[in-house]
1. Among the residues of region 239-276, how many are β-branched (Val, Ile, Thr) and free of Cβ contacts under 8 Å to residues at least 40 places away in the same chain?
2. Would you confirm, using the coordinates I've provided, whether Pro328 is touching a helix residue (DSSP H, G or I) at 6+ places or on another chain (Cβ under 8 Å), touching a residue at least 60 places away in the same chain (Cβ under 8 Å), within 22 Å of Leu241 (Cα to Cα) and open to solvent by 60 Å² or more (accessible area, probe 1.4 Å)?
3. For residues in region 183-209 being touching a residue at least 60 places away in the same chain (Cβ under 8 Å) and under 19 Å from Leu37 (Cα atoms), which is farthest from the ligand (Cβ to nearest atom)?
4. Please state which one of Ser276, Ser317 is open to solvent by less than 60 Å² (accessible area, probe 1.4 Å), among the hydroxyl-bearing types (Ser, Thr, Tyr) and within 23 Å of Leu4 (Cα to Cα).
5. Every residue in region 143-166 that is among the hydrophobic types (A, V, I, L, M, F, W, C) and closer than 22 Å to Asp192 by Cβ, please.
6. Would you please name the residue that is nearest to the ligand (Cβ to nearest atom), looking only at residues in region 143-182 that are open to solvent by less than 20 Å² (accessible area, probe 1.4 Å) and either assigned to a helix (DSSP H, G or I) or charged (D, E, K, R) (or both)?
7. Restricting attention to region 106-129, does a residue exist that is under 21 Å from Arg38 (Cβ atoms), open to solvent by less than 30 Å² (accessible area, probe 1.4 Å) and assigned to a loop (DSSP other than H, G, I, E, B)?
8. Evaluate region 8-24: report whether one residue or more is within 14 Å of the chain's Cα centre (by Cα) and polar (S, T, N, Q).
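The values are calculated or read from the model by the stated rules, or taken from the named source; none is laboratory data. Because the structure is predicted, anything quoted here is derived from the model rather than measured. Ideal geometry is used to build each Cβ from the backbone, glycine not excepted, and the neighbour counts take in all protein chains shown. Side chains are part of the model used for accessible areas, which takes the heavy atoms of the whole protein and leaves out ligands, DNA and RNA. Shrake-Rupley method; radii C 1.70, N 1.55, O 1.52, S 1.80 Å.
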Amino acid sequence: MQTLAELPTPSVLVDRARLDANVRGMQAICDQHGVELRPHIKTHKMVEVARRQLAAGARGLTCAKIGEAEAMLPSGVRSLFIAHSLVDPNQAPRLAALAERLDDLRVAVTSEPHADALERLAQNVGRRLNVMMAVDTGLGREGVRDDATALRLASRLARSSRLELRGFYCHEGFFYGLAPDQYDLRIATMLDRLCSLRDRIDPSLALWPGCSVSARRVAAIGAGRIQAVRPGAYPFGDLSLTRTTGVMPKEALALHVLATVVDKPESGLALIDAGSKTFSSDRTPDGIHALPADGRDFAVVRLNEEHGYVRGPATDSLEIGERLLLVPAHVCTVINLTDRVVVTEAGQPVDTWTVEGRGKTQ
Ligand SMILES: Cc1ncc(COP(=O)(O)O)c(C=O)c1O
């Protein structure tokens, strides 16, 4: 195994001890409140990480796409939820094959028009599909907007011989934009609404909210009323969780990008060998693509495909050839750009893991 100094850059590094601590920490909170953990694998896309989540006690996994679900099968997962509006009847054979290999496969039903398309897909699958109804709790993406629509959709599903309503899910991604002192109130309001909707339709149905910003508090406030949480980013963390929302301490960050300073073309500017093909174009609301893990006062503030622009008071102290450990703004899109990650222990490489779900967007 190469040492850290010998690794080619840019490389994506995963700190195994921190990853395991994050996986166990979220599981412990869920266990404490009697809530199942069904993590979204979109963040890590790796069988190795899914295995760790399941070994720690996760009840099942959540995926966005059929390809991600297929990629996670070697983890030994038996219960899987595809949280996306599937519509293509040509994908029926893949869904049928997935269902064969699982004890419990669930898919999303996200609106009344979507239910019509899903019904056609289910007809081609040739078996009854368990569905979770999406409820929009503030993100404004998929999901029923009001109770009347949810009640109509539920009665439509009750008449269907191919779709069976098993519960409700939401993704409270808008929490990334809320002030932390609003979290508890917004969670309480959201859970009251979800529970009242569920109880009007069938109190035995499951409620599965999902987001790393809110998951711990949702599990605590929703204990006894919700059945699962589905956070994604918590095993690694990123600037969204440490800097934008502050729900994760910096010391828990388990994924970094190792990059090299390759030029200092003018005072106050250094260039690194990692650009948007490593970090993606995502950035924090204050325009930062990445920050140094050691807290020095500079930031990656602009990207071209293979260049990162580093600016800030400490920039001139950087040396050409110096290696930087950087925390990305958004970890999920970083993982989707790399074939493998380098696993480290006490800061030194000990293994490499393949990103099996990389690019599995179909
Ligand atoms: C449907 C759904 N569930 C869960 C998650 C996980 O959210 P987070 O990455 O904030 O933990 C996402 C993230 O985009 C999502 O789209």
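1. Filtering region 239-276 down to residues β-branched (Val, Ile, Thr) leaves 242, 244-245, 247, 257, 260-262, 272.
From what is left, the residues that are free of Cβ contacts under 8 Å to residues at least 40 places away in the same chain are none.
Summing the residues that are β-branched (Val, Ile, Thr) and free of Cβ contacts under 8 Å to residues at least 40 places away in the same chain in region 239-276 gives 0.
2. no
3. Restricting attention to region 183-209, the residues satisfying the condition of being touching a residue at least 60 places away in the same chain (Cβ under 8 Å) are 197, 206, 208-209.
From what's left, under 19 Å from Leu37 (Cα atoms): 206, 208-209.
Numbers: Ala206: 15, Trp208: 9, Pro209: 9 Å.
Once the filter is applied, the top-ranked residue is Ala206.
4. Ser276
5. Kept after step one, since they are among the hydrophobic types (A, V, I, L, M, F, W, C), are these residues of region 143-166: 144, 148, 150-151, 153-154, 157-158, 163, 165.
Listed by number, the residues that qualify are Val144, Ala148, Ala150, Leu151, Leu153, Ala154, Leu165.
6. Ranking the qualifying residues of region 143-182, first place goes to Gly173.
7. There is at least one residue in region 106-129 that is under 21 Å from Arg38 (Cβ atoms), open to solvent by less than 30 Å² (accessible area, probe 1.4 Å) and assigned to a loop (DSSP other than H, G, I, E, B).
8. Yes.
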